[in-house]
Amino acid sequence: MTRPRSLQEGYATLRARVADGDPALNPSQLAERLRDALAHTSPGDPRPVTRLELPLGLDRAVEGGWFGRLRPAAVLVPIRCTANGPRLILTVRSQELSSHSGQISFPGGRADPEDVFPVGTALREANEEIGLADDAVEIIGFLDDYPTISRYRVTPVVGLVDENAEYHGESFEVGEVFEVPLSFLLQADNYKRR
């Protein structure tokens, strides 16, 4: 396992590789920079891991054996390429769910034994949750794994979604699906830590 990075370190690295201080990139340039930024990533071990950022540095105390006992899960980070620029597809979890209801999330979930992990898990979950067809997604790379307090190690799988791809939020798990311009998300000024 490689040294865990903080969310801020991971975000700053990706932002520097993709946006490079130029918010006026045209859609094809931004998609190409995403491909380039993620070209070195791999789903194989050792996978980079994001630190939990617990108070008083407690995440370092639980990193050792705890990481090895986490269950595998994957999410699709779906970026839809449009004439107006790439847009990130997000979901709002259904209010009917017993856990994490109403939270904003990527489509994804725990790995099934028959999944080719992590890509198969991410694509299967995206199809189940928002009806996104596998052939509408071009997998371009992976972000750092993220350990959750609910004992999952989540592998984010980044995929470019065809502009004409159809999706919907009509599953039991998803209450709503929406898009956010990727250029907005890559601007550090749009974030506040609370």
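The values are calculated or read from the model by the stated rules, or taken from the named source; none is laboratory data. Note that the structure is predicted; figures quoted are calculated from it, not measured. Glycine also receives a Cβ, built like all others from the backbone with ideal geometry; neighbour counts cover every protein chain displayed. Please note that ligands, DNA and RNA were not included when accessible areas were found on the heavy atoms of the full protein model with its side chains. Shrake-Rupley method; radii C 1.70, N 1.55, O 1.52, S 1.80 Å.
Being of a type outside the set (Gly, Ala, Ser), touching a helix residue (DSSP H, G or I) at 6+ places or on another chain (Cβ under 9 Å), in a strand (DSSP E or B) and under 22 Å from Pro72 (Cβ atoms) is a description that applies to Val157. For Ser101, state whether it is free of Cβ contacts under 8 Å to residues at least 40 places away in the same chain, of a type in the set (Ser, Thr, Tyr), surrounded by 12 or more Cβ atoms within 10 Å (Cβ to Cβ) and farther than 24 Å from Pro43 by Cα. Against the criterion (free of Cβ contacts under 8 Å to residues at least 40 places away in the same chain, of a type in the set (Ser, Thr, Tyr), surrounded by 12 or more Cβ atoms within 10 Å (Cβ to Cβ) and farther than 24 Å from Pro43 by Cα), Ser101 qualifies. Close contacts from the stretch 135-147, counting a first residue that is within 10 Å of Leu123 (Cα to Cα) and β-branched (Val, Ile, Thr) and a second that is open to solvent by 20 Å² or more (accessible area, probe 1.4 Å) and part of a strand (DSSP E or B), with Cβ to Cβ under 6 Å and a gap of 6+ residues or different chains, come to none at all. For the stretch 139-148, the candidate set comprises residues that are modelled with pLDDT under 95 and open to solvent by 40 Å² or more (accessible area, probe 1.4 Å); within that set, the residue that is nearest to Val92 (Cα to Cα) is Tyr146. Within the option set Val92, Val75, being modelled with pLDDT under 95, open to solvent by less than 50 Å² (accessible area, probe 1.4 Å) and assigned to a strand (DSSP E or B) holds for one residue only, Val92.
Here Gly159 meets each of (1) more than 13 Å from the chain's Cα centre (by Cα); (2) of a type in the set (Gly, Ala, Ser); (3) under 29 Å from Val116 (Cβ atoms) with one exception, condition (1). On the given criteria, is Glu163 acidic (Asp, Glu), buried (at least 16 other Cβ atoms within 10 Å of the Cβ) and not in a strand (DSSP E or B)? For Glu163, the condition - acidic (Asp, Glu), buried (at least 16 other Cβ atoms within 10 Å of the Cβ) and not in a strand (DSSP E or B) - is not met.
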